[in-house]
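Structure first, commentary second.
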């Protein structure tokens, strides 16, 4: 009986052990998929690049090409007048790559176009009271341009329409303005026009401006100084010395200056329909402006606005030289030689004076008001 009980207990123990083993095996089978999934997920997570350098490298050549094609080319500049005064609100129209875009200058006169296509372009700039202007060029790959200041030319026709003045009335206003121009506030600078498209002077205006210049107090002061220099260096010795000699030199200098002014700035310009004024350029290279200034001694603008040989000023210089033979002392007269000498000196003096006007005197001239921009290349000879 005892052995039977022992055997029965063993059987129960074996059954219990078997059941435990089965439960363990079942639990292992349930945990096996979970264990297998975790390494795969970890591997998947670690396969993603986390370093920015790795991300950039993975983009390759295509991304680099896209960056190069997205280069933002720009084209900008500034619109000004003759003296660099900014012009806000100017309309700037761009023609490029078969497209047309437009903008206006800001309060500082600047404009800018972005996302420009490489290749040729043209700009048309317009502003109220100004002549339109066109600029063209080529924009290269991977290039942005900041153009030099673009100066506009005032339109005389617009001034007449806006102000309601006739051409003669406009010329009168401009001439009155010129009569206020003085170097250092003292020496007259009447025969320089800072208005490039100034209205032509009538015959009466030419004579009035010449007389106004001759009888300006500084004319007598300058003549007195020159006569004193001639007295000191004993030029025109036939006049003698002392106060009598000085008076003769002073009178001769005044006569020469007055005759030259009347002939070259009033009589001959009226007969030949030419303008006696120097028209300030104020733009371009130094060499270009210097050549322009010197050449105006032998080239003059006609009343029709076209450039012509300066018959008026040249004949005025030689004519006054010839007339001076009438009152210079006989011992110092050399006939045609003195006439040629005085006439040549007059032309050379005009060239030097023009250079001073172009590069120096404007900075020291008071009383002028700017109303126009520099010359267009087509207007120059």
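The values are calculated or read from the model by the stated rules, or taken from the named source; none is laboratory data. The model shown is predicted, which means the values in this text are computed figures rather than measured ones. Please note: Cβ atoms are built from the backbone with ideal geometry, for glycine as well, and neighbour counts cover all protein chains shown.
Quick check on residue 319: is it out of contact with any strand residue (DSSP E or B) (no Cβ under 6 Å at 6 or more places or on another chain) and modelled with pLDDT of 80 or more? When the stated conditions are applied, residue 319 passes them. Entry remark, the range 261-277: residues being surrounded by fewer than 21 Cβ atoms within 10 Å (Cβ to Cβ) and more than 36 Å from the chain's Cα centre (by Cα) number 3 in total. For first residues located in the range 280-300 and at positive phi, partners that are surrounded by fewer than 15 Cβ atoms within 10 Å (Cβ to Cβ) and modelled with pLDDT under 95 and lie 6+ apart or on another chain with Cβ distances below 9 Å form the pairs 282/83; 284/377.
When you check residue 346 against the structure, is it part of a helix (DSSP H, G or I), closer than 25 Å to residue 194 by Cβ and at pLDDT below 85, yes or no?
Working: part of a helix (DSSP H, G or I): yes; closer than 25 Å to residue 194 by Cβ: yes; at pLDDT below 85: yes.
It is true that residue 346 is part of a helix (DSSP H, G or I), closer than 25 Å to residue 194 by Cβ and at pLDDT below 85.
Identify all residues within the range 343-369 that are touching a strand residue (DSSP E or B) at 6+ places or on another chain (Cβ under 6 Å), over 14 Å from residue 298 (Cβ atoms) and crowded, with 17+ Cβ neighbours inside 10 Å; write none if there are none. Within the range 343-369, 357, 361, 365 meet the criteria. Within the range 119-156, the set of residues being touching a residue at least 40 places away in the same chain (Cβ under 8 Å), surrounded by 12 or more Cβ atoms within 10 Å (Cβ to Cβ) and not in a strand (DSSP E or B) comprises 127, 143, 144, 147, 149, 152, 155, 156. On inspection, residue 234 qualifies as surrounded by fewer than 21 Cβ atoms within 10 Å (Cβ to Cβ), without any contact (Cβ under 8 Å) to a residue 24 or more places away in the chain and not in a helix (DSSP H, G or I). Taking residue 312 as the residue in question, decide whether it is surrounded by 19 or more Cβ atoms within 10 Å (Cβ to Cβ) and more than 30 Å from residue 84 (Cα to Cα). When the stated conditions are applied, residue 312 passes them.
Yes/no matrix, rows are residues, columns are (1) in contact with a helix residue (DSSP H, G or I) (Cβ under 6 Å, 6 or more places away or on another chain); (2) assigned by TED's automatic domain parsing to the domain that holds residue 359; (3) assigned to a strand (DSSP E or B); (4) closer than 25 Å to residue 362 by Cβ:
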site: 79; (1), (2), (3), (4): no, no, yes, yes
site: 88; (1), (2), (3), (4): no, no, no, yes
site: 92; (1), (2), (3), (4): no, no, yes, no
site: 106; (1), (2), (3), (4): no, no, no, no
site: 111; (1), (2), (3), (4): no, no, yes, no
site: 117; (1), (2), (3), (4): no, no, no, no
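Scanning the range 101-118 for residues being closer than 14 Å to residue 151 by Cβ and surrounded by fewer than 15 Cβ atoms within 10 Å (Cβ to Cβ) gives a total of 0.
Rundown of residues vs (1) under 26 Å from residue 206 (Cβ atoms); (2) at pLDDT 85 or above; (3) part of a helix (DSSP H, G or I); (4) assigned by TED's automatic domain parsing to the domain that holds residue 201, yes/no style:
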| position | (1), (2), (3), (4) |
| --- | --- |
| 270 | yes, yes, yes, yes |
| 282 | yes, yes, no, yes |
| 297 | yes, yes, no, yes |
| 313 | yes, yes, yes, yes |
| 331 | no, no, yes, yes |
| 338 | no, no, yes, yes |
| 358 | yes, yes, yes, yes |
| 371 | yes, no, no, yes |
